[in-house]
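Reading through the structure tokens given below for one structure.
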Amino acid sequence: MDKLIIEFSKYVLITLMVIYTLQSILIFAKRSEEAREFLFIRQNVVMFCLHFVAFMVLYLQMNQSQILFFTGNRHCIWQRH
């Protein structure tokens, strides 16, 4: 089951990177400040998902509980900003 999740996560990570890149390009096309802010929020959500999937894969491959601590710590710090 772990190997299946790891293999599937490769495609999820690539998809999230493509979405993030396309949103970065779309920001230049938007004239409205509200539309840009909405895209920035969506980019933050995509980045959160990207980090979550990447740390999940790290944990599944290494099977060390330290990875969970670093993931939680990183997301707690990220929520403050």
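Brief remarks follow.
- The angle between the Cα long axis of helix 2-29 and the longest principal axis of the Cα atoms of the chain comes to about 10 degrees, rounded to the nearest 10.
- Cα long-axis angle, helix 65-80 against the chain (0 to 90 degrees, to the nearest 10): 20 degrees
- For region 1-69, the fraction of alpha-carbon pairs in successive 5 Å shells from zero, as %: 3, 16, 21, 18, 14, 10, 8, 6, 3, 0
- Sum of -39500 (n - 2.57) over DSSP H runs of 4+, divided by residues of the chain (222 nm, nearest 500): -32500 deg cm²/dmol
- With Cα atoms, 0 to 90° folded angle of helix 33-62 axis to the chain main axis: 10 degrees
Values in this text are rule-based calculations from the coordinates and carry no lab data. What you see is a predicted model, and the numbers here were worked out from it, not measured in a lab.
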